[in-house]
Amino acid sequence: MDFSKNLEELEKILAILEDEARPLEETLASYEKGVALFKECFEFVNAAEKKIQILSENDLNNLGGTQDDI
């Protein structure tokens, strides 16, 4: 997954959803695609946060600190 490309695609989908002249079927298909992309981005960010937390805890342990020192 390319996070940046997914965000760009979400911006395009948002423009489609804001266009009231589009047919309902196209709007619904774009919405469904947007939800799927949002889920991928959300999962990517959650995984990144977990990695950062683990790395931070490992660094603190290596330095003799604790989580309360953050």
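The values are calculated or read from the model by the stated rules, or taken from the named source; none is laboratory data. As the structure is a prediction and not an experimental result, all values here were calculated from the model. When we count neighbours, we look across all protein chains shown, and the Cβ atoms used for this are built from the backbone with ideal geometry, even at glycine. These accessible areas exclude ligands, DNA and RNA; they are computed on the full protein's heavy atoms, side chains included. Shrake-Rupley method; radii C 1.70, N 1.55, O 1.52, S 1.80 Å.
Considering only protein heavy atoms and a 1.4 Å probe, what is the carbon-and-sulfur percentage of the accessible area of the chain?
57
Considering the options S30, L7, I52, tell which one lies farthest towards the positive end of the dipole of the chain, charges being +1 on Lys and Arg and -1 on Asp and Glu at the Cβ, about the Cα centre.
It is I52.
Please give the helix 24-63 orientation as an angle from the longest Cα principal axis of the chain, in degrees from 0 to 90, rounded to the nearest 10.
Approximately 10 degrees, to the nearest ten.
Could you give the angle, 0 to 90 degrees to the nearest 10, between helix 3-18's Cα long axis and the longest principal axis of the Cα atoms of the chain?
It is inclined by approximately 30 degrees.
Calculated from the structure, volume of the Cα convex hull per residue in Å³ equals which of [x] 96; [y] 108; [z] 149?
Comparing each candidate, only [x] matches the computed number.
What does the extension gain come out to for A15 and Q53, with contour length at 0.36 nm per residue minus their alpha carbon separation?
10.2 nm
Report, in deg cm²/dmol and to the nearest 500, the calculated mean residue ellipticity at 222 nm for the chain, where each DSSP H run with n ≥ 4 adds -39500 (n - 2.57) and the sum is divided by the residue count.
Computed mean residue ellipticity for the chain: -28500 deg cm²/dmol.
Just the accessible area per residue of the chain, please: how many Å² with a 1.4 Å probe?
On a per-residue basis, 84 Å².
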